[in-house]
Structure formats: C-alpha cells, structure tokens
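Reviewing the structure listed below.
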Amino acid sequence: MPQNSYLKHIAYDSVVFGFSGEKLKILLMKYHNTGFYALPGGFVGVSENLNDAVRRGLKERTGLDNIYLEQFYTFGNLERYKPEVMQTILEANGGLGNGLEWLLDRFISVAYFALINYKDVIPQPDALSDSCDWYDLDTLPTLILDHAEIVKKALETLRFNLDRKLVTTNLLPTYFTMKDLQNVYEAILGEKLHRGTFQRKMLGLGVLKRHEKQYTGAANKAPFLYSFED
C-alpha cells in the first residue's frame, strides 16, 4: 500500500446498515491481535473518484455493488487524530515497514452510509482484520477514534426523510409484508408504531405496489405482499 497510490490525508468511513428482520445491524471490522473495532473504511486512489473508491471498498467487504449509498458528513476534528491507534494496529500486523508510515498521518474522513439486505451479504475482512461481521445497533462494542460519533450521525441522517430513503434502498427484499416494513421503521426509529396509523400512512404515500397474498396455510390471515413502485 504505497502512499503515492492514494490521495494525501483523505480517507472514507462507511456505516453499513443491514436489517435482520427484527433488528438494525451495522457491519464492523475487528483488527487482528488488538481487540479494536472499527467501521469499514479506506483511501482514495490518485486517479479514482471518491464515490468509486467507497463503492470499491464496500464491494470488497460485502460482495455487493448495486447498493444505496449516501455521503452524509465530513469528520475532521483535531481530536480524531490519534496515531497511536493506527501504530498499534500496524505493529499487530507486522510493523511499520514497507512504506506504511504515512498511515500515521492525520486524515480527514468523508463518511457514507449504505443500506443493504442483510441476507445478501457474506462479510469479508481485509488484510489487517480478523473478522468483518454484523453487530446489533443497540449493543455495539467500543469503537476506535470517533467511529461511534460517525454511527450516531449516520443514524440521525437515516431517520431524516426515511420514507424517501427506504424506497431507493436494498434494506428489504423485493417483496415484503406491511409488517416487515413496519419492523424496519421501528428498528431505525427506535420506537414502536401504531399498526393502523402506520399502514394508512404508507398506503397514502403512493410508493407501494400491492401483490398477491402470502399464503401460509391460514388463508384468512394471509398478508398481502408489497414492493416499492419503480
């Protein structure tokens, strides 16, 4: 990873949200021999668009490339500069040789969040990590640097204009029930919603297409399937 291959002092971090059917989850890396947890992130090639770099990194971690991605904030406070954290990570992976000293520099990070279907992903760690895995949003481990703040800001942004965001995301399968949709809203908003009020609201938005009922053996209770309008 030679420094002259990447833009100086610019990094990106990605908050990857997935929905398990009940809980909102976030994809995290666990660095080798450190116990450090972090968001997936990386650097931008000198001849690479920023968005393309982020999509490249997400594909390496998730195997997916057609996902909803939104840039939401740039983190550059001086307090986030803690070179001892990266030094510990590098020393746990063979040291600072091979021209890696530039990784100890101060970086401004452009933050993105992604919304993907939890079931479509087989998480893949990078060369410095033991694991890349899903963690429940309400029981996250302690994260390095300002990554907890990045997660908090991502969630605040996701909650804003949630109706529009869900229509364009991969968080749900193509066909879903009204209960599935309500479960997603409740997981993101962190609160219970009244079933009737929620259903009227969603049907009134004009963003759902209704399909045949999902028969499970009790025809009178079979729910309709929905998809988002194209």
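Values as computed for the structure displayed
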{"quantity": "Qualifying positions in region 51-81 - over 21 Å from T174 (Cα atoms) and either more than 17 Å from the chain's Cα centre (by Cα) or of a type in the set (G, A, S) (or both)", "calculated": "A53, G57, G76, N77, L78, E79, R80, Y81"}
{"quantity": "Meets criteria (free of Cβ contacts under 8 Å to residues at least 60 places away in the same chain and of a type in the set (A, V, I, L, M)) for A38", "calculated": "no"}
{"quantity": "Count of residues meeting criterion [farther than 24 Å from R159 by Cα, surrounded by 14 or more Cβ atoms within 10 Å (Cβ to Cβ) and charged (D, E, K, R)] in region 60-81", "calculated": "3"}
{"quantity": "Residues of region 44-59 satisfying the condition of being assigned to a helix (DSSP H, G or I), crowded, with 17+ Cβ neighbours inside 10 Å and of a type in the set (A, V, I, L, M, F, W, C)", "calculated": "A53, V54, L58"}
{"quantity": "Filter result for G57 (under 22 Å from D130 (Cα atoms) and either out of contact with any Asp or Glu (no Cβ under 9 Å at 6 or more places or on another chain) or not β-branched (V, I, T) (or both))", "calculated": "yes"}
{"quantity": "Breaking point among (1) more than 30 Å from E186 (Cα to Cα); (2) of a type in the set (V, I, T); (3) part of a strand (DSSP E or B), for V16", "calculated": "(1)"}
{"quantity": "I188 assigned by TED's automatic domain parsing to the domain that holds Q71, surrounded by 12 or more Cβ atoms within 10 Å (Cβ to Cβ) and at pLDDT 90 or above", "calculated": "no"}
{"quantity": "Of residues in region 136-161 being in contact (Cβ under 8 Å) with a residue 24 or more places away in the chain and loosely packed, with under 15 Cβ neighbours inside 10 Å, the one farthest from V207 (Cα to Cα)", "calculated": "T142"}
{"quantity": "Qualifying residue in region 119-133 (condition: of a type in the set (S, T, N, Q), at negative phi, in contact with a helix residue (DSSP H, G or I) (Cβ under 9 Å, 6 or more places away or on another chain) and outside the structural domain of F17 (by TED's automatic domain parsing))", "calculated": "no"}
{"quantity": "When residues of region 192-230 are limited to those that are in a loop (DSSP other than H, G, I, E, B) and modelled with pLDDT of 85 or more, the one farthest from Q182 (Cα to Cα)", "calculated": "G206"}
{"quantity": "Residue that is farthest from A114 (Cα to Cα), among those in region 60-78 that are in a loop (DSSP other than H, G, I, E, B) and touching a residue at least 12 places away in the same chain (Cβ under 8 Å)", "calculated": "N77"}
{"quantity": "Region 82-99 residues that are under 19 Å from D146 (Cβ atoms) and among the hydroxyl-bearing types (S, T, Y), paired with ones that are at pLDDT below 80 and part of a helix (DSSP H, G or I) (beta carbon under 6 Å, 6 or more apart)", "calculated": "none"}
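The values are calculated or read from the model by the stated rules, or taken from the named source; none is laboratory data. The shown structure was predicted, so the numbers you read here are calculated from the model rather than taken from an experiment. Neighbour counts are summed over all protein chains in view; Cβ atoms, including those assigned to glycine, are modelled from backbone coordinates with ideal geometry.
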